[in-house]
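I have placed the structure first, in the form of C-alpha coordinates, so that the comments after it can refer back to it.
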Amino acid sequence: MVQLAPDVPKDTGDDHDTAPVVWVVDAPGGGYVESPDIEGRVVGPHGTVRLVIVPDDERDRLPRAACDYMILWHRVALDASFFARNTRCRAVICASTGYDHVAVEAARAAGTSVFHIPHYGTEEVADHTLALFLAQVRRLPDLRAHVRDGGWDWRSITDAPRVRGMTWGIVGLGRIGLAVAQRARAFGIRVCFYDPHNHPGVEKSLGIERRHSLDALLTDADVVSVHVPLDSTTHHLLGAAELDRMKPGSLLINTARGAVVDVSALRQALAAGRPGRVALDVVEGEPELPHWLRDHPRVLLTPHAAFYSVESLTELRTRAAEAARELIVAAPVTSAVRVA
(Lines give C-alpha, C1' and ligand atoms only; values in the text may rest on other atoms or scores of the structure.)
Protein backbone atom coordinates (compact mmCIF):
# COMPACT_ATOMS: atom_id res chain seq x y z
CA MET A 1 0.00 0.00 0.00
CA VAL A 2 1.37 3.39 -0.96
CA GLN A 3 2.15 5.51 2.07
CA LEU A 4 1.10 9.07 1.40
CA ALA A 5 2.41 12.11 3.19
CA PRO A 6 0.60 12.47 6.54
CA ASP A 7 -1.32 15.60 5.57
CA VAL A 8 -2.71 14.14 2.34
CA PRO A 9 -6.17 12.59 2.57
CA LYS A 10 -7.13 9.62 0.44
CA ASP A 11 -9.78 10.22 -2.18
CA THR A 12 -13.22 9.19 -1.00
CA GLY A 13 -14.72 9.63 -4.43
CA ASP A 14 -17.10 12.30 -3.13
CA ASP A 15 -17.77 15.50 -5.02
CA HIS A 16 -15.86 18.44 -3.63
CA ASP A 17 -16.56 22.15 -3.54
CA THR A 18 -13.33 23.30 -1.90
CA ALA A 19 -10.34 24.95 -3.60
CA PRO A 20 -8.68 22.81 -6.27
CA VAL A 21 -6.05 20.45 -4.86
CA VAL A 22 -2.56 20.34 -6.36
CA TRP A 23 -0.37 17.36 -5.51
CA VAL A 24 3.41 17.57 -5.77
CA VAL A 25 4.40 13.93 -6.26
CA ASP A 26 7.97 12.89 -5.52
CA ALA A 27 9.98 9.87 -4.35
CA PRO A 28 11.67 9.53 -0.94
CA GLY A 29 15.39 9.60 -0.32
CA GLY A 30 17.13 11.90 -2.75
CA GLY A 31 13.89 13.42 -3.97
CA TYR A 32 13.62 16.95 -5.27
CA VAL A 33 11.06 18.55 -2.98
CA GLU A 34 11.32 18.51 0.80
CA SER A 35 8.55 21.05 1.31
CA PRO A 36 6.10 22.46 -1.26
CA ASP A 37 6.87 26.01 -0.16
CA ILE A 38 7.64 27.38 -3.63
CA GLU A 39 4.61 25.68 -5.12
CA GLY A 40 2.38 26.96 -2.34
CA ARG A 41 3.53 30.55 -2.82
CA VAL A 42 3.04 30.43 -6.59
CA VAL A 43 -0.40 28.79 -6.54
CA GLY A 44 -1.42 31.07 -3.67
CA PRO A 45 -5.12 31.32 -2.85
CA HIS A 46 -6.14 29.58 -6.07
CA GLY A 47 -5.56 26.08 -4.74
CA THR A 48 -4.37 23.82 -1.93
CA VAL A 49 -0.88 22.38 -2.45
CA ARG A 50 0.19 19.14 -0.79
CA LEU A 51 3.34 17.05 -1.04
CA VAL A 52 2.90 13.34 -1.76
CA ILE A 53 5.85 10.99 -1.27
CA VAL A 54 5.58 7.65 -3.08
CA PRO A 55 7.86 4.92 -1.60
CA ASP A 56 10.40 3.26 -3.86
CA ASP A 57 8.58 -0.06 -4.15
CA GLU A 58 5.27 1.57 -5.09
CA ARG A 59 6.38 4.14 -7.65
CA ASP A 60 4.53 2.43 -10.47
CA ARG A 61 1.28 2.08 -8.55
CA LEU A 62 0.18 5.49 -7.34
CA PRO A 63 -3.33 5.10 -5.93
CA ARG A 64 -6.44 7.00 -6.81
CA ALA A 65 -5.44 10.65 -6.71
CA ALA A 66 -7.37 13.02 -4.47
CA CYS A 67 -6.18 15.93 -6.53
CA ASP A 68 -7.28 18.09 -9.42
CA TYR A 69 -3.78 18.83 -10.72
CA MET A 70 -0.51 16.96 -10.26
CA ILE A 71 3.07 18.19 -10.43
CA LEU A 72 5.01 14.99 -11.09
CA TRP A 73 8.74 14.40 -10.61
CA HIS A 74 10.43 11.92 -12.90
CA ARG A 75 11.21 9.19 -10.36
CA VAL A 76 7.48 8.39 -10.08
CA ALA A 77 5.76 6.80 -13.09
CA LEU A 78 2.11 6.99 -14.12
CA ASP A 79 1.01 4.03 -16.21
CA ALA A 80 -2.21 3.40 -18.12
CA SER A 81 -3.91 1.85 -15.10
CA PHE A 82 -3.46 5.08 -13.15
CA PHE A 83 -5.42 7.07 -15.72
CA ALA A 84 -8.05 4.34 -16.00
CA ARG A 85 -8.90 4.68 -12.32
CA ASN A 86 -8.42 8.45 -11.96
CA THR A 87 -11.03 10.75 -13.37
CA ARG A 88 -10.63 13.66 -10.97
CA CYS A 89 -7.07 14.58 -12.01
CA ARG A 90 -7.42 17.10 -14.83
CA ALA A 91 -3.76 17.62 -15.68
CA VAL A 92 -0.31 16.21 -14.96
CA ILE A 93 2.58 18.67 -15.11
CA CYS A 94 5.91 16.87 -15.44
CA ALA A 95 8.57 18.74 -13.51
CA SER A 96 11.14 17.77 -16.12
CA THR A 97 12.04 18.12 -19.76
CA GLY A 98 11.23 14.47 -20.42
CA TYR A 99 7.83 12.86 -20.01
CA ASP A 100 8.61 9.24 -20.82
CA HIS A 101 7.52 8.25 -17.28
CA VAL A 102 3.89 9.10 -18.13
CA ALA A 103 1.57 6.99 -20.29
CA VAL A 104 0.69 9.93 -22.52
CA GLU A 105 -1.76 8.11 -24.81
CA ALA A 106 -3.66 6.70 -21.83
CA ALA A 107 -3.82 10.17 -20.31
CA ARG A 108 -5.18 11.59 -23.56
CA ALA A 109 -7.81 8.84 -23.73
CA ALA A 110 -8.87 9.60 -20.16
CA GLY A 111 -9.16 13.32 -20.86
CA THR A 112 -6.16 14.24 -18.70
CA SER A 113 -3.82 16.87 -20.09
CA VAL A 114 -0.06 16.32 -19.81
CA PHE A 115 2.49 19.13 -19.76
CA HIS A 116 6.26 19.29 -19.41
CA ILE A 117 8.86 22.02 -18.81
CA PRO A 118 11.34 21.86 -21.70
CA HIS A 119 12.66 25.41 -21.31
CA TYR A 120 14.36 25.30 -17.93
CA GLY A 121 17.98 24.44 -17.11
CA THR A 122 19.19 24.67 -20.71
CA GLU A 123 22.33 26.49 -19.60
CA GLU A 124 23.10 23.98 -16.86
CA VAL A 125 22.82 20.89 -19.07
CA ALA A 126 24.89 22.51 -21.82
CA ASP A 127 27.53 23.63 -19.32
CA HIS A 128 27.62 20.16 -17.75
CA THR A 129 28.05 18.59 -21.17
CA LEU A 130 31.06 20.82 -21.82
CA ALA A 131 32.43 20.07 -18.36
CA LEU A 132 32.24 16.33 -19.04
CA PHE A 133 33.90 16.88 -22.40
CA LEU A 134 36.81 18.88 -20.97
CA ALA A 135 37.25 16.49 -18.05
CA GLN A 136 37.60 13.51 -20.37
CA VAL A 137 39.60 15.17 -23.14
CA ARG A 138 42.02 16.79 -20.67
CA ARG A 139 42.14 13.50 -18.71
CA LEU A 140 41.18 15.14 -15.42
CA PRO A 141 40.02 11.90 -13.74
CA ASP A 142 43.36 10.27 -14.61
CA LEU A 143 45.37 13.27 -13.42
CA ARG A 144 43.42 13.49 -10.19
CA ALA A 145 44.02 9.79 -9.51
CA HIS A 146 47.73 10.23 -10.27
CA VAL A 147 48.10 13.11 -7.81
CA ARG A 148 45.94 11.40 -5.19
CA ASP A 149 48.29 8.41 -5.37
CA GLY A 150 51.27 10.65 -4.62
CA GLY A 151 52.43 11.47 -8.15
CA TRP A 152 53.27 14.84 -9.70
CA ASP A 153 54.24 14.13 -13.31
CA TRP A 154 52.59 15.96 -16.22
CA ARG A 155 53.45 13.03 -18.49
CA SER A 156 50.70 10.99 -16.84
CA ILE A 157 48.24 12.87 -19.07
CA THR A 158 49.50 10.57 -21.89
CA ASP A 159 47.28 10.77 -24.99
CA ALA A 160 45.29 14.00 -24.45
CA PRO A 161 44.35 15.49 -27.85
CA ARG A 162 44.16 19.16 -28.81
CA VAL A 163 40.63 20.53 -28.45
CA ARG A 164 40.76 23.10 -31.23
CA GLY A 165 40.05 21.46 -34.57
CA MET A 166 38.12 18.49 -33.18
CA THR A 167 34.76 17.54 -34.71
CA TRP A 168 31.76 17.46 -32.36
CA GLY A 169 28.63 15.62 -33.46
CA ILE A 170 25.37 16.63 -31.80
CA VAL A 171 22.46 14.18 -31.86
CA GLY A 172 19.32 16.28 -31.43
CA LEU A 173 19.55 20.01 -32.12
CA GLY A 174 16.89 21.28 -29.73
CA ARG A 175 17.34 23.92 -27.04
CA ILE A 176 20.16 22.09 -25.30
CA GLY A 177 21.80 20.86 -28.49
CA LEU A 178 21.88 24.44 -29.77
CA ALA A 179 23.43 25.67 -26.52
CA VAL A 180 26.09 22.95 -26.71
CA ALA A 181 26.86 23.87 -30.32
CA GLN A 182 27.44 27.51 -29.37
CA ARG A 183 29.76 26.53 -26.53
CA ALA A 184 31.70 24.03 -28.61
CA ARG A 185 32.27 26.55 -31.40
CA ALA A 186 33.80 28.95 -28.88
CA PHE A 187 36.56 26.37 -28.37
CA GLY A 188 37.34 26.30 -32.09
CA ILE A 189 35.57 22.97 -32.56
CA ARG A 190 33.93 22.02 -35.84
CA VAL A 191 30.28 21.21 -35.07
CA CYS A 192 27.93 18.96 -37.02
CA PHE A 193 24.51 17.64 -36.05
CA TYR A 194 21.92 15.01 -36.88
CA ASP A 195 18.29 15.92 -36.32
CA PRO A 196 15.72 14.88 -38.94
CA HIS A 197 13.06 17.00 -37.22
CA ASN A 198 14.92 20.30 -37.39
CA HIS A 199 14.20 22.88 -40.07
CA PRO A 200 16.26 22.74 -43.27
CA GLY A 201 18.76 25.56 -43.36
CA VAL A 202 19.15 26.03 -39.61
CA GLU A 203 22.79 25.05 -40.08
CA LYS A 204 23.34 28.12 -42.26
CA SER A 205 22.26 30.53 -39.55
CA LEU A 206 24.43 28.79 -36.95
CA GLY A 207 27.56 28.15 -39.00
CA ILE A 208 27.49 24.41 -38.34
CA GLU A 209 27.08 21.35 -40.57
CA ARG A 210 24.13 19.02 -41.00
CA ARG A 211 24.48 15.27 -41.31
CA HIS A 212 21.57 13.53 -43.02
CA SER A 213 22.05 10.23 -41.22
CA LEU A 214 23.15 9.12 -37.78
CA ASP A 215 25.77 6.87 -39.37
CA ALA A 216 27.35 9.81 -41.17
CA LEU A 217 27.64 11.74 -37.92
CA LEU A 218 29.02 8.83 -35.90
CA THR A 219 31.75 8.00 -38.39
CA ASP A 220 32.87 11.64 -38.64
CA ALA A 221 32.82 12.92 -35.05
CA ASP A 222 35.58 12.89 -32.45
CA VAL A 223 32.94 13.73 -29.83
CA VAL A 224 29.28 12.67 -29.88
CA SER A 225 26.79 14.17 -27.44
CA VAL A 226 23.17 13.10 -27.15
CA HIS A 227 20.31 15.58 -26.61
CA VAL A 228 17.09 13.79 -27.57
CA PRO A 229 13.95 12.90 -25.59
CA LEU A 230 13.28 9.25 -24.79
CA ASP A 231 10.47 7.65 -26.77
CA SER A 232 9.95 4.58 -28.93
CA THR A 233 12.09 6.05 -31.71
CA THR A 234 15.07 6.94 -29.51
CA HIS A 235 15.14 3.98 -27.11
CA HIS A 236 18.58 2.38 -27.65
CA LEU A 237 19.21 4.85 -30.46
CA LEU A 238 22.86 4.11 -29.82
CA GLY A 239 23.07 0.32 -29.71
CA ALA A 240 25.79 -2.14 -30.64
CA ALA A 241 25.69 -1.39 -34.37
CA GLU A 242 25.74 2.38 -33.89
CA LEU A 243 28.51 2.33 -31.29
CA ASP A 244 30.61 0.20 -33.62
CA ARG A 245 30.44 2.98 -36.21
CA MET A 246 32.02 5.56 -33.90
CA LYS A 247 35.59 6.63 -34.58
CA PRO A 248 38.27 4.72 -32.64
CA GLY A 249 39.17 6.68 -29.52
CA SER A 250 36.17 9.00 -29.77
CA LEU A 251 34.18 10.32 -26.81
CA LEU A 252 30.49 9.67 -26.16
CA ILE A 253 28.55 12.00 -23.83
CA ASN A 254 24.95 11.44 -22.70
CA THR A 255 23.13 14.09 -20.67
CA ALA A 256 19.68 13.28 -22.10
CA ARG A 257 18.02 10.03 -21.00
CA GLY A 258 19.82 6.87 -19.99
CA ALA A 259 17.97 4.41 -22.23
CA VAL A 260 18.98 6.29 -25.37
CA VAL A 261 22.29 4.43 -25.01
CA ASP A 262 22.18 0.65 -24.73
CA VAL A 263 24.32 0.16 -21.63
CA SER A 264 24.67 -3.59 -22.24
CA ALA A 265 26.22 -2.88 -25.65
CA LEU A 266 28.47 -0.19 -24.26
CA ARG A 267 30.79 -2.58 -22.43
CA GLN A 268 31.82 -4.42 -25.58
CA ALA A 269 32.06 -1.14 -27.49
CA LEU A 270 34.49 0.28 -24.94
CA ALA A 271 36.58 -2.88 -25.12
CA ALA A 272 36.85 -2.32 -28.87
CA GLY A 273 37.74 1.36 -28.40
CA ARG A 274 34.60 2.61 -30.16
CA PRO A 275 34.11 4.87 -28.29
CA GLY A 276 37.40 5.25 -26.49
CA ARG A 277 35.91 7.14 -23.55
CA VAL A 278 32.43 7.79 -22.21
CA ALA A 279 30.90 10.46 -19.97
CA LEU A 280 27.37 9.77 -18.69
CA ASP A 281 25.12 11.85 -16.51
CA VAL A 282 22.23 9.47 -17.16
CA VAL A 283 22.33 5.67 -17.31
CA GLU A 284 19.77 3.08 -18.30
CA GLY A 285 18.35 1.54 -15.09
CA GLU A 286 19.67 4.31 -12.83
CA PRO A 287 20.25 4.56 -9.92
CA GLU A 288 21.18 0.86 -10.12
CA LEU A 289 24.35 0.63 -12.20
CA PRO A 290 26.38 -2.38 -13.32
CA HIS A 291 29.62 -2.69 -11.37
CA TRP A 292 31.73 -2.75 -14.51
CA LEU A 293 30.41 0.66 -15.47
CA ARG A 294 31.09 2.24 -12.06
CA ASP A 295 34.64 0.91 -12.06
CA HIS A 296 35.62 1.40 -15.70
CA PRO A 297 38.75 3.57 -15.99
CA ARG A 298 37.56 5.29 -19.18
CA VAL A 299 34.02 6.06 -17.98
CA LEU A 300 33.15 9.29 -16.16
CA LEU A 301 29.82 9.22 -14.31
CA THR A 302 27.77 11.95 -12.66
CA PRO A 303 24.47 11.20 -10.86
CA HIS A 304 21.81 12.76 -13.13
CA ALA A 305 22.98 16.18 -11.99
CA ALA A 306 23.38 18.06 -15.28
CA PHE A 307 20.07 19.87 -14.86
CA TYR A 308 20.94 21.23 -11.46
CA SER A 309 21.89 24.62 -10.16
CA VAL A 310 20.26 26.48 -7.30
CA GLU A 311 18.63 28.72 -9.88
CA SER A 312 17.50 25.98 -12.28
CA LEU A 313 15.78 23.92 -9.58
CA THR A 314 13.94 27.00 -8.39
CA GLU A 315 13.03 27.86 -11.98
CA LEU A 316 11.71 24.34 -12.62
CA ARG A 317 9.57 24.24 -9.50
CA THR A 318 8.27 27.75 -10.17
CA ARG A 319 7.36 27.05 -13.79
CA ALA A 320 5.54 23.84 -12.86
CA ALA A 321 3.58 25.63 -10.15
CA GLU A 322 2.80 28.50 -12.50
CA ALA A 323 1.37 26.02 -14.97
CA ALA A 324 -0.89 24.60 -12.25
CA ARG A 325 -2.07 28.09 -11.33
CA GLU A 326 -2.67 29.02 -14.97
CA LEU A 327 -4.77 25.88 -15.43
CA ILE A 328 -6.77 26.57 -12.28
CA VAL A 329 -7.67 30.13 -13.32
CA ALA A 330 -8.23 29.08 -16.96
CA ALA A 331 -5.43 31.31 -18.23
CA PRO A 332 -3.24 30.42 -21.23
CA VAL A 333 -0.47 28.10 -20.07
CA THR A 334 2.80 29.90 -20.82
CA SER A 335 5.12 28.23 -18.30
CA ALA A 336 4.81 24.68 -19.64
CA VAL A 337 4.27 22.90 -22.97
CA ARG A 338 1.32 20.59 -23.56
CA VAL A 339 2.05 17.13 -24.95
CA ALA A 340 -1.41 15.57 -24.58
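The values are calculated or read from the model by the stated rules, or taken from the named source; none is laboratory data. Nothing here was measured: the structure is a model prediction, and the numbers come from that model. Ideal geometry is used to build each Cβ from the backbone, glycine not excepted, and the neighbour counts take in all protein chains shown. What goes into the accessible areas is simple: the full protein's heavy atoms, side chains included, and nothing from ligands, DNA or RNA. Shrake-Rupley method; radii C 1.70, N 1.55, O 1.52, S 1.80 Å.
Provide a single number: the residues in segment 248-261 that are more than 24 Å from D127 (Cα to Cα) and among the charged types (D, E, K, R). If you could, list the steps in order and put the result at the bottom.
The first filter runs over segment 248-261 and keeps only residues more than 24 Å from D127 (Cα to Cα), leaving 248.
Subset that is among the charged types (D, E, K, R): none.
Of the residues in segment 248-261, 0 are more than 24 Å from D127 (Cα to Cα) and among the charged types (D, E, K, R).
Within the group A279, A256, A221, A305, which residue is under 26 Å from R183 (Cα atoms), out of contact with any strand residue (DSSP E or B) (no Cβ under 8 Å at 6 or more places or on another chain) and open to solvent by less than 40 Å² (accessible area, probe 1.4 Å)? Give the steps one after another, and end with the answer.
Values: A279 fails: out of contact with any strand residue (DSSP E or B) (no Cβ under 8 Å at 6 or more places or on another chain); A256 fails: out of contact with any strand residue (DSSP E or B) (no Cβ under 8 Å at 6 or more places or on another chain); A221 fails: out of contact with any strand residue (DSSP E or B) (no Cβ under 8 Å at 6 or more places or on another chain).
After ruling out the rest, the residue left standing is A305.
Show the residue pairs meeting these rules: Cβ distance below 9 Å; 6+ apart or different chains; first residue within segment 248-265 and on the phi > 0 side of the Ramachandran plot; second residue outside any loop (DSSP other than H, G, I, E, B).
Taking only residues 6 or more apart or on different chains, the pairs are G249/R277.
For every residue, the table says whether it meets (1) among the polar types (S, T, N, Q); (2) over 30 Å from A77 (Cβ atoms); (3) modelled with pLDDT under 95.
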position	(1), (2), (3)
L132	no, no, no
D159	no, yes, yes
W168	no, yes, no
G177	no, no, no
S213	yes, yes, no
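Can you find a residue in segment 46-69 that is at pLDDT 90 or above, aromatic (F, W, Y) and under 26 Å from E284 (Cα atoms)?
no
Check segment 137-151 and report whether any residue there is small (G, A, S), in contact (Cβ under 8 Å) with a residue 12 or more places away in the chain and over 30 Å from D68 (Cβ atoms).
No, segment 137-151 contains no residue that is small (G, A, S), in contact (Cβ under 8 Å) with a residue 12 or more places away in the chain and over 30 Å from D68 (Cβ atoms).
Quick check on this structure: which one of A131, A145, A126, A160 is open to solvent by 20 Å² or more (accessible area, probe 1.4 Å), of a type in the set (A, V, I, L, M, F, W, C), closer than 30 Å to H197 by Cα and not in a strand (DSSP E or B)?
Exactly one of A131, A145, A126, A160 is open to solvent by 20 Å² or more (accessible area, probe 1.4 Å), of a type in the set (A, V, I, L, M, F, W, C), closer than 30 Å to H197 by Cα and not in a strand (DSSP E or B), namely A131.
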